[in-house]
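Here's a structure for you.
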Amino acid sequence: MIVAFVLLLVVIGSVGFHLISPWWWTPIASNWGYIDDTINLTFWITGFVFVAVLTFMAYCVFRFRHTKGHKAHYEPESAKLEIWLSVLTSLGVIAMLTPGLFVWYQFITVPDGADEFEVLGQQWMWSYRYPGKDGRLGKTDPRNVTADNPFGIDTADPAGQDDVLVQGEDLHLPLDRPVKFLLRSLDVLHDFYVPQFRAKMDMIPGMITYFWITPTRTGTFDILCAELCGVGHHAMRGIVVVEEESAYKDWLAQQPTFAQSLAKANAGTRRVSTLNAGGSVR
Amino acid sequence: MADVTNRDIDYVAPAEVEEEELYHAHSWITKYVFSQDAKVIAIQYSLTAIAIGLVGLVLSWLMRLQLGFPDYFSFIDAEHYYQFITMHGMIMVVYLLTALFLGGFGNYFIPLMVGARDMVFPYVNMLSFWIYLIAVLVLVASFFVEGGPTGAGWTLYPPQTILSGTPGSDGGIVLMLVSLALFIVGFTMGGLNYVVTVLQGRTRGMTMMRLPLTVWGIFIATILALLAFPALFVGAIMMLFDKLLGTSFFMPAIVELGEQLSYGGGSPLLFQHLFWFFGHPEVYIVALPAFGIVSDLISVHARKNIFGYRMMVWALVAIGGLSFIVWAHHMYVSGMNPYFGFFFATTTLIIAIPTALKVYNWVLTLWQGDIHLTLPMLFALAFIVTFVNGGITGLFLGNVVVDVPLSDTMFVVAHFHMVMGVAPLLVIFGSIYHWYPKITGRMLNEGMGQFHFWVTFLGAYAIFFPMHYLGFLGVPRRYYEIGETMFVPDSAQTLSAFITVMTLIVGFSQVVFLFNLVWSLFHGEKADPNPWRATTLEWQTPETPPGHGNFGKALPIVYRWAYDYSVPGAKEDFIPQNMPPSKVSGKKKTKPRRAKRK
């Protein structure tokens, strides 16, 4: 009796908790509302099964609990019932899987004309690279990485010279423009994750991975690393600012290009070597 | 109605081969230490698994203390935290659950339930345990080497696993990989035994379709393990080479903290495929024995045959087969070819169908049953609750696009703890309450058992159910601290503290359980040889606990399936598998069909 009651209470408590929980999705800031819809659909279907199966179980425990003289009914199997249950379950699965796969197709199909930019992950910081005026990102190779060339851009590739480099600063994205994130890592696995975008993808050294979104509201959001990347994993944070296109363009224009940063570094090196020369004379 | 397996028979084929002489122990050492008796090996396996499991439990307390009360415990720094979660995961999945279900339960119940005197290869079986013990000791040793155990996460993803930014990337990871390789060697010896014993060691009349589902579950799980563990073995050896010899199986060109490393050309994704080719079947290696055992617990304590026995068997086989083509659902956001998502989401959701059928059949077994709410039954009911809950959240994570926002969040942690942590553990507890009387000859204390049950079931549910909602919020897993963010409200920290307190309480109730195990050994009520009035062969042994050779002079002959409960017309509400039809009084059935073949 008590057991059946507690089982029922677990069902009611679970559904109740779900309804009043203050912990729920952060308000979405990208075009992936379809993902939220698929999740809600999954909630309805699985929630129904959860309540139905467990309520039935609680009823059985209440109704068929042992009493003196009570004897179980003998029935080995029922092919008819099992077929019916298989068919219904299959329908439920199809109802969840079909929209899921449709949305997945959209998720992996980047629309033509999407802006591309690069996120570079390394222990334990984020950097970003935009393609510059020519609209193309220069080739990279981790073997090219030096203190002056932290992205490992191929200096022989003309497309790389005007790439805009953003280091130690927030990421900025324009509102309402589809954008493809090209994801690259220099050392270990990372994962670029913004909860409000609903999207994430691992970054793998030696590969370029991607996802795409269209930011749908302005604001400032946390960037987290979602793939364990060593002892500083939890501290690998960043900030993304979604803003109107004009504000975004102003911001981008202020960032140095690869050619500029190289020149600056070279100038710095010259200054350092002059100082050193001076030092040795003294 | 279809032709089902409950029809008993008069005719049993004569033995085709003579019984072989069993190995007999000559000294205390060969009887209790280097024993070749599967029952002793089972207890050795179980005690070792429980001991290392306690280490895993303490580690979970430590990690929860950090998550619940981030600023209070200065001795838990980030490095330690990552070591705790890594070792907790690996210990619980491999060294506790796998070892306990297969090495412990498999060894004890397979020979007894199929009607064999022992495993087919007793000497190899003994080696299996000792190699497992060495594997555990190597694992424990990694806590004491310089740099401590590995903190790479239980998935051990390269490249970080062997790079200096990860705790324990020197001695710790080497010992971890060596320990895993040893575990697999030891397991393979035991696993071959379990499979061959089921296939070759069954007594006369025990057809495959008369095996109790406990044996079916362990049998299929062992086949999975024999096929899946080699992938991990290969991965572990290659990673050892990468670490010790500087090869680049999993290591691409890497710039670590501004420094070029000499690795190049390897594939981190390759390791993930190898790991999950093992890792996903591993989930079912833990789940299938639980499925099998819980079927028997429900049937015995509801005094009713398991509903749809044949469907239950085929569902186990189907789940086992499918479990080998779903592994990449752990890698939807790994950066693998995104088109894999279509295939793996489809196979993953298909596996839900045989799994759901099993759930239906469990609850349908309760329907019109005669439910005795004993401790094993309570644990079985709690298993269904947690398994249904954990199973349906699997439908979220398996449906590729839904996984994108949820993967690597606390939702995943909640899901897999519910489905492959709490649910199988509840079955383990239920089966210990069920079989302790047979193993020791005494009953476990009921009062302590009730306390243990309610605290464990409701406590564990209160830990993991709300945890899903932190995942919806976007709280990532494997975070030493969430710190300041713009999206996590302060109330989430309150919930986290609540979860930590519940973890401590549930952990404490396990101490009560362990005390009960020891206390009842000396003070428990003397048990009847068949206290639950069950049909399967382990309850029909001449001695309790069963002696060397299990069945006395003659092996039992099996006349029927394992589920003749409440058969109309029978005197008792159960008919043991080895009871000849002539002794089932009041038998109304017509002459059995197969007798005609004589």
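On average, how much accessible surface per residue is there in the stretch A:115-271, in Å², for a 1.4 Å probe, leaving out ligands, DNA and RNA? Walk me through the numbers on the way to the answer.
On the way: 5850 Å² over 157 residues.
Per residue, the stretch A:115-271 has 37 Å² of solvent-accessible surface.
Length gain on complete extension for the stretch B:V58 to B:F451, per 0.36 nm per residue less the alpha carbon to alpha carbon distance?
On the way: separation 393, 0.36 × 393 = 141.48 nm, distance 2.06 nm.
Stretched fully, the B:V58-B:F451 segment lengthens by 139.4 nm.
Continuing with the same structure: B:L199 to B:K571: FRET efficiency via 1/(1 + (r/R0)^6), r the Cβ-Cβ distance, R0 41 Å, to the nearest 0.05? Please list the in-between numbers first.
Working: r = 35 Å, r/R0 = 0.85.
According to the calculation, E is roughly 0.75.
Nearest 20 debye, what's the magnitude of the dipole of the protein assembly as shown about its Cα centre given +1 on Lys and Arg Cβ and -1 on Asp and Glu Cβ?
Values: 54 positive and 62 negative charges, 791 e Å.
That gives the protein assembly as shown a dipole magnitude of about 3800 debye.
For chain A, which semi-axes, largest first and in whole Å, follow from the square roots of 5 times the eigenvalues of its Cα gyration tensor?
Values: eigenvalues 644, 87, 62 Å².
Value: 57, 21, 18 Å, ordered largest first.
State, to one decimal in nm², a quarter of the convex hull surface area for the C-alpha atoms of chain B, i.e. the direction-averaged projected area. Please list the in-between numbers first.
Numbers: hull surface 115.4 nm².
Orientation-averaged projected area of the Cα hull: 28.8 nm².
Which one, A:M96, A:M236, A:M207, has the greatest fluctuation when you compute a Gaussian network model over chain A with C-alpha springs under 10 angstrom?
Comparing A:M96, A:M236, A:M207 in a Gaussian network model of chain A, the most mobile one is A:M207.
Compute the FRET efficiency between A:Q161 and A:L252 as 1/(1 + (r/R0)^6), taking r as their Cβ-Cβ distance and R0 = 22 Å, and round to the nearest 0.05.
0.85
Inside 10 Å of the C-beta atoms of B:143-153, what's the mean count of C-beta atoms belonging to other chains? Write out the running numbers ahead of the final one.
On the way: counts 0, 0, 0, 0, 0, 0, 0, 0, 4, 3, 4.
Whole-number average of other-chain Cβ neighbours for B:143-153 is 1.
Leaving out ligands and nucleic acids, note down the accessible area per residue over the stretch B:79-150 with a 1.4 angstrom probe, in whole Å².
On the way: 1900 Å² over 72 residues.
Ligands and nucleic acids excluded, the result is 26 Å² per residue.
Rounded if a/c is under 1.5, else prolate if a/b is larger than b/c, else oblate: which is the stretch B:431-550, with a ≥ b ≥ c the root eigenvalues of its Cα gyration tensor?
prolate
Mind grabbing the interface size between A and B? I mean buried accessible area, both sides, 1.4 Å probe, in Å² to the nearest hundred. Write out the running numbers ahead of the final one.
Numbers: alone 17840 and 24940 Å², together 33280 Å².
Summing both chains' loss of accessible area gives about 9500 Å².
In nanometres, what is the gap between the two model label sites at A:V15 and B:S27, each 7 Å from Cα along Cα-to-Cβ?
So the two model labels end up 6.7 nm from each other.
Carbon and sulfur together cover what percent of the accessible area of the protein assembly as shown at a 1.4 Å probe radius?
Working: 21780 of 33280 Å².
Answer for the protein assembly as shown is 65 percent, counting heavy atoms of protein chains only.
Return P(r) of the protein assembly as shown (all Cα-Cα pairs; 20 Å bins starting at 0; whole %; ordered from short to long distances).
14, 44, 29, 10, 2, 0
Take each uninterrupted DSSP H stretch in chain B, measure its Cα extent along the helix axis, and return the ones at 30 Å or beyond whose mean Kyte-Doolittle hydropathy is at least -1.0. Please report the intermediate quantities before stating the final value.
Details: long enough: B:38-68 (43 Å, 1.46); B:171-200 (43 Å, 1.86); B:213-244 (45 Å, 2.03); B:268-301 (49 Å, 1.10); B:340-366 (40 Å, 1.43); B:375-398 (33 Å, 1.88); B:446-473 (41 Å, 0.84); B:490-523 (50 Å, 1.31).
The answer, listed by residue number, is B:38-68, B:171-200, B:213-244, B:268-301, B:340-366, B:375-398, B:446-473, B:490-523.
Next question, about the same structure. Taking the Cα atoms of the stretch A:1-135, what is the range of coordinates along each of the three principal axes, in descending order and whole Å?
For the stretch A:1-135, the Cα extents along the three principal axes come out at 87, 36, 27 Å.
Mind pulling the per residue volume of the convex hull built on the Cα atoms of the stretch A:89-157? Å³ is fine. Could you put the intermediate results ahead of the total?
Working: hull volume 10.6 nm³, N = 69.
Per residue, the Cα convex hull of the stretch A:89-157 comes to 154 Å³.
Taking 7 Å along the Cα-to-C-beta vector as the label spot, tell me the B:S74-B:A141 distance in nanometres, rounded to one decimal.
Inter-label distance under the simple model: 3.5 nm.
Taking 7 Å along the Cα-to-C-beta vector as the label spot, tell me the A:R177-B:K526 distance in nanometres, rounded to one decimal.
Label-label distance for A:R177 and B:K526, simple model: 8.7 nm.
Shape call for the stretch A:115-271 from the C-alpha gyration tensor, a ≥ b ≥ c root eigenvalues: rounded (a/c under 1.5), prolate (a/b greater than b/c) or oblate? List each step's numbers first, then the result.
On the way: a/c = 1.69, a/b = 1.20, b/c = 1.41.
Oblate shape, in that a/c is at least 1.5 and b/c is the bigger or equal ratio.
Quick check on my link table: of A:K80/B:K583; A:K71/B:K526; B:K31/B:K438, which ones sit more than 24 Å apart, alpha carbon to alpha carbon? Kindly include the intermediate steps, with their values, before the conclusion.
Details: A:K80/B:K583 34 Å; A:K71/B:K526 27 Å; B:K31/B:K438 19 Å.
Correct reply: A:K80/B:K583; A:K71/B:K526.
A follow-up question, please. Cα axis of helix A:258-281 to longest principal axis of chain A: angle in degrees, 0 to 90, nearest 10?
That works out to roughly 50 degrees.
Something else: What's the center-to-center distance, using Cα atoms, between the stretch B:384-404 and the stretch B:293-363 in Å?
What the calculation gives is 12 Å, centre to centre.
The values are calculated or read from the model by the stated rules, or taken from the named source; none is laboratory data. Note that the coordinates shown come from a computational prediction; the quantities given were computed from them, not determined experimentally. FYI the Cβ positions are ideal-geometry reconstructions off the backbone, even for glycines, and counts take in every protein chain you see. The protein model used for the area step is the full one, side chains on, heavy atoms only, and it has no ligands, DNA or RNA in it. Shrake-Rupley method; radii C 1.70, N 1.55, O 1.52, S 1.80 Å.
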